[in-house]
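Following: one structure in structure tokens, then a few remarks.
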Amino acid sequence: MKHILPISSSYVSSWGIWEAVRELIQNAADEAQERPEHAMSVEHVDGWLHISNKGADLGIQALLIGGSDKAGKRGLRGQHGEGLDLALLCAARADVEVRVSTKTEVWTPSIEYTKEYGARCLVVSTRKHTKPRDGVKVSMHIDKDSWESMRSKFLFLDPPKEKIEADGGTLILDANRKGMIYVKGIYVMTGHNTAFGFDLSSVTLDRDRRVIGSFDLQWACSRIVRDALSRNPDTYVEPVMELLERNSDDVRFLHSHLEAGGDARKSLAKAFIAKHGDGAMAVQSLAESQQLAHFGVKGVVVNEAMASVLSSELGNYSDAAARLRQQPTALYGWGDLTDAEKAVYEDGMKRMAPVAGEHMAEKCALKICEFADSTIKGTCCLGTGEIHVSRDQLGNVFDLIEVMVHELAHAVSMAGDGHASHIRTIEGIWRKLYEHASAPKTELG
């Protein structure tokens, strides 16, 4: 009996024998996974590839597109319900002999012109067995060399020699599988910017069994590398650093998977410092490197992936630049000041004394300095209350008082710029200064 399937002979025109074999083995593997009693076997004998599921069976409804009992089960690769049809189509189109033996029938595919559709379509001919068979066997005429070239694309048939099991899949270290991407043990593509091999367990594939979107691939690979690095940083820190430097897809999103302050990040930061020297910082442009050099810090230009991994341990450019700009480059003692500067300093301290004298004595250590950034007038360390004032503020007593009020408010409130507590404290200090200046003066007898 002939069954005409409404599938044009040109459908999935890019598919060939590899795709046919992949679909057949994939379906058999899924069957064995779902029903362990239907164990799969794959063997090549006398020019024939045999793919079997012991005890399984197929009805003619298996040829119905979308009719597979696997349809809608997201965890299975054959969820579209057309893997068998497409395998038969590819084999028949390539004039490769194939037959499907069920418990009761033998099916053979061909490409024929059909009047019903006015086109060449897939036709499956069926005939009864003389006696029932135990299970389903799909046999394809394929030479041994061709099969051997395909066999390594199935990890459950040709397991890797070196691998690391991880969340989300397996990292494959075999040199001959460099860049090869598998999904649930079956090859899907070669990553041209991928250094390791990967077997991914939870990546969505399209009908052609290709990874959908580079983000999904990079995210999954980075997660697996994270696991390998976390389990054995001594072994993998150097190769992972090399991948980060190359901006490899293996580690493009590694920073998203590494625990902040964890051993893996610490190991990578340690390796970076060992290579570039103490105090070195990762930056992302020559301009940033130049700015840090102005402050005496070595800025190493790296890509975004490397910078993101290192920032939690070594800091980022923005925070470092802000900190370095506020860092005093010179401190001055009383003897270093001019007479005019001394006069401004004494006048300022006298004017501040009625409202800030106690705080200046107990909470603050005022120092006159120069900053790396000449636009900075003063700073306050919230932890110690130590205040630094730029020497150029000693040119005018009101400039000095303005800076001292602002920084003293930091010391008293223990709050940063813009914080409501800092603003209220500034207003309170200015009010006390105004009240003192406006108070009636009395003469002591």
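What follows is calculated from the coordinates using simple rules that are stated; it is not laboratory data. What you see is a predicted model; the values in this text were computed from it and never measured. Positions of Cβ are generated from backbone atoms using ideal geometry, with glycine treated the same way; all protein chains shown enter the neighbour counts.
Under the convention that each Lys and Arg Cβ holds +1 and each Asp and Glu Cβ holds -1, the size of the dipole of the chain around its Cα centre is about 1680 debye. Average 1/r across all pairs of distinct alpha carbons in the stretch 297-443, invert it, and you get the Kirkwood radius: 17.1 Å. Taking 0.36 nm per residue of separation and subtracting the Cα-Cα distance, full extension of the segment from L382 to S8 would add 127.1 nm.
Is the shape of the stretch 2-151 best called rounded, prolate or oblate, per the rule: a/c under 1.5 gives rounded, else a/b larger than b/c gives prolate, else oblate, with a ≥ b ≥ c the square roots of the Cα gyration tensor eigenvalues? Because its axes are fairly even, with a/c under 1.5, the stretch 2-151 counts as rounded. The calculated P(r) of the chain, using every Cα pair and 10 Å bins from 0, goes 4, 16, 17, 13, 11, 10, 8, 7, 7, 5, 2, 1, 0, 0 in percent. The spacing between the stretch 243-320 and the stretch 151-205, judged by their C-alpha centroids, is 29 Å. Counting pairs of Cα atoms in the stretch 258-325, how many percent are more than 18 Å apart? Result: 30 percent of Cα pairs exceed 18 Å. The stretch 364-398 and the stretch 402-430 have Cα centres spaced 14 Å apart. Considering only GluC sites (Glu not before Pro) in DSSP loops that have at most 16 other Cβ atoms within 10 Å, the longest stretch of the chain without any of them is 260-385. Once the C-beta distance of A39 and R151 is scaled by a Förster radius of 25 Å, the resulting FRET efficiency is 0.85 to the nearest 0.05. Listed cross-link partners K54/K131; K144/K178; K103/K131 are compared with a 18 Å cut-off, the Cα-Cα value being larger for K144/K178.
If R0 is 51 Å, the Cβ-Cβ spacing of I60 and N193 corresponds to a FRET efficiency of close to 0.65.
Suppose only helical runs count, i.e. DSSP H with n ≥ 4. What mean residue ellipticity at 222 nm does that imply for the chain under -39500 (n - 2.57) per run, divided by all residues and rounded to the nearest 500 deg cm²/dmol? Please list the in-between numbers first.
Working: 13 runs with 176 residues, N = 445.
For the chain, the value works out to -12500 deg cm²/dmol.
Taking the DSSP bridge list for the chain and keeping only pairs wholly inside it, about 85 percent are antiparallel.
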